Every structure is written in structure tokens, then in C-alpha cells.
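Participant: Next up is a structure, given as C-alpha cells.
The values are calculated or read from the model by the stated rules, or taken from the named source; none is laboratory data. This structure is a prediction, so every number in the text was calculated from the model and none was measured. Ideal geometry is used to build each Cβ from the backbone, glycine not excepted, and the neighbour counts take in all protein chains shown.
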Amino acid sequence: MSDYIEQSLSNLRKKKLRTFLTTFGVVIGIGALVSMFAFGKGMQKNFTDTFNELELFNYVGVYARSLNSRRHEDPDRPNTQEETSKPAPVLDDEFLLSLVDIEGVEWALPEIRFPALIGLSDEEEFSLIQVLPADLCQAGFVKLRAGDFYTSDEEYSLIVSDSLLRRLKIKKPEDAVGREVELSTLTVDFSLSNLKNILSFLKGTGLPFSRQNYTFTIVGVIERMGMSGPMPVRSNVFIPHGTSQKMKKIAITSVSDIFQSMRPSQGYSAIGIKLSSPKYVEPVKNQMEDMGFETFAMLDQLEEIKTAFRFLDLFLFAVGMIGISVAALGIINTMVMSILERYKEIGIMKAVGASDNDIKKIFFFESGVIGFMGGVFGLALGWIVSSIINLVINGVAMQQGVPRMSYFSFPWWLCLGAIAFSILISLLAGIYPTLRAARVDPVVALRHD
């Protein structure tokens, strides 16, 4: 074995430039393939780690379901007398309190969001307001960069994101704590006192909205916007639950809320349930659906999400294989040229007793060495390029308020697999040249000039 390796390395050293260029082609191909796979795995890891950290797989959304939605699910099913006479279930405070008695339920709260204009000094920005009870706020549902949490559900205090502050021309979060802001909400107003707006609406020149102004004090600034706790937080502003109930507003958890706001209150349109473990998701979902509600759980979408990542991996693999194919052609070309240049040498080896298998092993080892070096250095190149790209992306993202994260992941199986795959491709590329070398007639080769 050592003789074959020594002979292979000696032959490759004789043509240093050709060996370098061929190996470099493999390095580029493997580097591109590794970077693409690392990006796909990095995105998948960030997704699953974030969802596990925030415990979003323990979350179940419950929504009011009308008779029309049940008919939409099964239009051929006739309405039974029980369905027509049975009132639609309501997501009210009584139902909310009953949820804590269900096994596995840690907490439940209504998902209330509404649009508003946030005014600070001479700046004004639009944002969705998220209602978050004080006890849950203090339990760590949001992470603060400055200030503190509000301590009561009745106080006119709010927490804002640093990204919203930047839009309001405030660079340092500490400068915003303690300042007063004006929060302006809209309500649908068809009353006679708003006759002017109603007439404008009927003429198509206006909307029947009234603007309500409230003064709040900023008590805290959250670390980042978006998913910032173990629940779907989709807002830049948080206010106490009790205070929100005193405000006139249009809640838009769903589109139907806009129309419901013009009718007497029919309860909440959605309630979020936090479970202690994913194993309770299915039982709680079934119980809610038996009660007549619609449900949504991120855990149900996990398999679809995994399928999407598989397609992403296949796409990245197909793109990376373009570079590998080019590298394989380079190996074939190098090996064929080596056979032509060493035609007489092969004849001499056969004349002194070398078998066809001995010739095959020499050339297989040469292609394997090229694949091994290409895999090792390709892995290093992929890691270096990925690190540079990750550094640049994080530099740009952090200027926009997005926290630092790793967009590439290099699990051990990817590193070892890249080297093994490079060797395999090189060996496959060396099959034809090796078979050609083994078929050399020693008599013809010795007379070859």
C-alpha cells in the first residue's frame, strides 16, 4: 500500500502546475458545495433553535369559528338542527379563565393587536400595538435594552423597540426612557355626530374614522423587534392589558375584527395558549376543536417546514454539483494526459511484471490523492468564505437593529462528508483513465516514441 502511495505522490510532484490546477478545481467545487450546504443547515438550525428557545412548538392559537366556516370546510354536509340552534362558541373572559384548569396549560391570554400612530417630538410613525399583561411582561416575555417593565395593567406606560426609536430619530435607547409619547388610534364612527365623514365616505372621498389620542410614558426599550419571547410577538410597542380595554380602537387580530368592531362585543377573536410541553399540543387542540373553535399549532407545520428545507438542500446541492462536475472533468483530463505522457513507463512496468491491477491502483491512488487534497482545502476555503460572508451580513444587519447570528453551520458530518465526497468524485472521475492505462499493450508501449 505504501508503495502505491509513494509512486502516486511522486508522479503528481513531477507535474506540479498541472496537479495544482486540477486540485484547485476540486477545491473550488467542494468549497462552493460546502458553503451552500452550510448556509442551508445554518438557516435550518437558526429556525429550529429559535423556535425551541422561544418554545413556539408549545404554542396553540385558538380562534372563533362560525357556522359559515364549518360549512366552508364541508359544503356538502347539511346543517343539522343542533348546529342551527346551538350558539356559536365565544372566546370570552370566562372561557379564558377555564383554560388554566386544562392539563398542560401554563397560561392563556387574548391576542390583541391594533394599529396606532406613535408621536414623539415632531416625529410620527405607524405601528401595531401588542397588548401584553404586566405579569407576563415581567416574566421575561420581552428582553430589555433600557428601562424597566410596567408593573400594573392599569398604568399608561408602554415599552417600545429600538428599531421604532431609530425611526423616531432617537439613537440611544436610554434617551427614550421616561419620555411621553402620543398614541393615536382609529375607530369606525357611523354616528350622526360624524355626519361630515359619513357623507364623505358615501361620496367616495373619505372614510368614517375618528381619531383618539392617548398619552403614554415610555418605561422600557426592548432588545429587538419580532420574535422576542416564548410567544408570537409581532409588534414594536407593548401596552398593559387593562389600559388597552379603556381605549377606543380597532383590533386587527384578523380582518373580521374590523367589521366586528362595528357590532357589540362578541368576545376575543383569538387566544394564545402556552403549554408546558409539545406532548400536550394534540390533546389541547382536539379539546378546543370539540368545543367548536379553530386551532393553529406551529408543531403541525414542522413537517412541512422540514420538507421545505429538504428542497432547499436539494437545490443548493444541484447548484454545487455544477462546480464538482467541472472539477471531475479536470481530473479526467489530467489523468488522461498523464497516461499519454507515461505511455512507455507503463509499458516498462508491465514488462517487468506489473499486473493490470497494479497499474489501476497507481492511477486510482493518484486521483484519490487529488480528491483528498481538494476536499481538505475545499472545506477550509468554504469555511473561510462563509465566515467572511457571515461577518459582512452581520455588520450590515446590526446597523439595522438585527441581532448578530450565524448564517452558516458546519456540523461534523458535513466536514467529513465533504472530504469523503471529494475523494469519491475523484475516484469516479479516475475510472476511465485507470481502465485506459490498464489496457496499455506493453509491446506497443515499449516501441512508443
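Participant: What is the number of the single condition among (1) modelled with pLDDT of 85 or more; (2) under 23 Å from Gln245 (Cβ atoms); (3) surrounded by fewer than 19 Cβ atoms within 10 Å (Cβ to Cβ) that Pro232 does not meet?
Facilitator: Checking Pro232 against (1) modelled with pLDDT of 85 or more; (2) under 23 Å from Gln245 (Cβ atoms); (3) surrounded by fewer than 19 Cβ atoms within 10 Å (Cβ to Cβ), the one that fails is (1).
Participant: Also, quick follow-up: Does Ser387 count as without any contact (Cβ under 8 Å) to a residue 60 or more places away in the chain and in contact with a Phe, Trp or Tyr (Cβ under 9 Å, 6 or more places away or on another chain)?
Facilitator: On the way: without any contact (Cβ under 8 Å) to a residue 60 or more places away in the chain: yes; in contact with a Phe, Trp or Tyr (Cβ under 9 Å, 6 or more places away or on another chain): yes.
Yes, satisfied.
Participant: Say whether the condition of being surrounded by 17 or more Cβ atoms within 10 Å (Cβ to Cβ), more than 23 Å from the chain's Cα centre (by Cα), at pLDDT 75 or above and of a type in the set (A, V, I, L, M, F, W, C) is met by at least one residue in region 248-268.
Facilitator: No: region 248-268 contains no residue that is surrounded by 17 or more Cβ atoms within 10 Å (Cβ to Cβ), more than 23 Å from the chain's Cα centre (by Cα), at pLDDT 75 or above and of a type in the set (A, V, I, L, M, F, W, C).
Participant: Next up: Taking region 290-308, which residues are crowded, with 17+ Cβ neighbours inside 10 Å and in a helix (DSSP H, G or I)?
Facilitator: Across region 290-308, the qualifying residues are Met298, Leu299.
Participant: Looking for something aromatic (Phe, Trp, Tyr), within 30 Å of Lys45 (Cα to Cα) and in contact (Cβ under 8 Å) with a residue 60 or more places away in the chain - is there at least one such residue anywhere in region 313-322? Don't jump to the end; show me each part of the working.
Facilitator: Applying the first criterion (aromatic (Phe, Trp, Tyr)) to region 313-322 yields 315, 317.
Now narrow it down to the ones that are within 30 Å of Lys45 (Cα to Cα): 315, 317.
Filter once more, keeping what is in contact (Cβ under 8 Å) with a residue 60 or more places away in the chain: 317.
Scanning region 313-322 turns up at least one residue that is aromatic (Phe, Trp, Tyr), within 30 Å of Lys45 (Cα to Cα) and in contact (Cβ under 8 Å) with a residue 60 or more places away in the chain.
Participant: Output yes when any residue across region 150-160 is in contact with a strand residue (DSSP E or B) (Cβ under 7 Å, 6 or more places away or on another chain), assigned by TED's automatic domain parsing to the domain that holds Ile271 and either polar (S, T, N, Q) or free of Cβ contacts under 8 Å to residues at least 24 places away in the same chain (or both), and no when none is.
Facilitator: Within region 150-160, one or more residues are in contact with a strand residue (DSSP E or B) (Cβ under 7 Å, 6 or more places away or on another chain), assigned by TED's automatic domain parsing to the domain that holds Ile271 and either polar (S, T, N, Q) or free of Cβ contacts under 8 Å to residues at least 24 places away in the same chain (or both).
Participant: Taking interchain pairs and intrachain pairs at least six residues apart, which have beta carbon atoms under 9 angstrom, with the first residue in region 1-14 and within 13 Å of Ser367 (Cα to Cα) and the second modelled with pLDDT under 70 and of a type outside the set (S, T, N, Q)?
Facilitator: If the second residue must be modelled with pLDDT under 70 and of a type outside the set (S, T, N, Q), no pairs are left.
Participant: Going by what's in this entry, would Leu165 be described as in a helix (DSSP H, G or I), in contact with a helix residue (DSSP H, G or I) (Cβ under 9 Å, 6 or more places away or on another chain) and surrounded by 21 or more Cβ atoms within 10 Å (Cβ to Cβ)? Walk me through how you get there before you give the answer.
Facilitator: Details: in a helix (DSSP H, G or I): yes; in contact with a helix residue (DSSP H, G or I) (Cβ under 9 Å, 6 or more places away or on another chain): yes; surrounded by 21 or more Cβ atoms within 10 Å (Cβ to Cβ): yes.
Considered against the rule, which asks whether it is in a helix (DSSP H, G or I), in contact with a helix residue (DSSP H, G or I) (Cβ under 9 Å, 6 or more places away or on another chain) and surrounded by 21 or more Cβ atoms within 10 Å (Cβ to Cβ), Leu165 comes out as yes.
Participant: A follow-up question, please. Considering each of Phe377, Phe408 in turn, give the residue that is closer than 19 Å to Leu424 by Cβ and surrounded by 17 or more Cβ atoms within 10 Å (Cβ to Cβ).
Facilitator: On the way: Phe408 fails: closer than 19 Å to Leu424 by Cβ.
Answer to the selection: Phe377.
Participant: So, Asp358, is that one assigned by TED's automatic domain parsing to the domain that holds Ile28 and acidic (Asp, Glu) or not? Steps first, answer last, please.
Facilitator: On the way: assigned by TED's automatic domain parsing to the domain that holds Ile28: yes; acidic (Asp, Glu): yes.
In short, yes.
Participant: Same structure, new question: Looking at Phe365, is it out of contact with any Asp or Glu (no Cβ under 8 Å at 6 or more places or on another chain), closer than 30 Å to Asp162 by Cα, in the same structural domain as Leu33 (by TED's automatic domain parsing) and in contact (Cβ under 8 Å) with a residue 40 or more places away in the chain? Talk me through it step by step, then tell me what you get.
Facilitator: On the way: out of contact with any Asp or Glu (no Cβ under 8 Å at 6 or more places or on another chain): yes; closer than 30 Å to Asp162 by Cα: no; in the same structural domain as Leu33 (by TED's automatic domain parsing): yes; in contact (Cβ under 8 Å) with a residue 40 or more places away in the chain: yes.
Against the criterion (out of contact with any Asp or Glu (no Cβ under 8 Å at 6 or more places or on another chain), closer than 30 Å to Asp162 by Cα, in the same structural domain as Leu33 (by TED's automatic domain parsing) and in contact (Cβ under 8 Å) with a residue 40 or more places away in the chain), Phe365 does not qualify.
Participant: Failed condition for Phe317, given (1) assigned to a helix (DSSP H, G or I); (2) outside the structural domain of Leu424 (by TED's automatic domain parsing), with all others met?
Facilitator: That leaves (2) as the condition not met.
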